[in-house]
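Data block below; observations after.
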Amino acid sequence: EVMAEKDALREFAQKQLKKKQDFKTYMWVYAAVVALTSGVWFITTPTAPYWPVWVIFGMGIAAIFVGLDAYGRLGPKPITEEQIDAEVERLRRKG
């Protein structure tokens, strides 16, 4: 039982580390896209309104949610044996 909980926790930790790695990759892509679109704007229409702001805004919103998910502020938390035992006990009392 304890070994199963450790395995589940280890699997959860591995998924969280993958999300953090993916978030860092996303931020590098975000920076590259901002640089590219800003460069295109500057070369083609520097006197026009700064249209890359829409790319920055859209990708920025996505970055917030990806970051919250990666760093544990959003999304599921690991389920502990104590929580399972408490739920089983609650169901026994109820039914």
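What do you reckon, is PHE12 surrounded by 12 or more Cβ atoms within 10 Å (Cβ to Cβ), assigned to a helix (DSSP H, G or I) and not charged (D, E, K, R)?
Working: surrounded by 12 or more Cβ atoms within 10 Å (Cβ to Cβ): yes; assigned to a helix (DSSP H, G or I): yes; not charged (D, E, K, R): yes.
Yes, satisfied.
Just give me the residues in the stretch 1-44 being closer than 30 Å to GLU81 by Cα and in contact with a helix residue (DSSP H, G or I) (Cβ under 6 Å, 6 or more places away or on another chain), in sequence order.
The first filter runs over the stretch 1-44 and keeps only residues closer than 30 Å to GLU81 by Cα, leaving 1-23.
Of everything in the stretch 1-44, those that are closer than 30 Å to GLU81 by Cα and in contact with a helix residue (DSSP H, G or I) (Cβ under 6 Å, 6 or more places away or on another chain) turn out to be GLU5, LYS19, LYS20, PHE23.
Would you check which residues across the stretch 25-83 are open to solvent by less than 90 Å² (accessible area, probe 1.4 Å), of a type in the set (Val, Ile, Thr), within 29 Å of ALA8 (Cβ to Cβ) and in a helix (DSSP H, G or I) and list them?
THR25, VAL66
The values are calculated or read from the model by the stated rules, or taken from the named source; none is laboratory data. Because the structure is predicted, anything quoted here is derived from the model rather than measured. As a convention, Cβ positions derive from the backbone with ideal geometry for all residues, glycine included, and neighbour counts pool all protein chains shown. When the accessible area is computed, the model is the full protein with side chains, heavy atoms only, and any ligands, DNA or RNA have been set aside. Shrake-Rupley method; radii C 1.70, N 1.55, O 1.52, S 1.80 Å.
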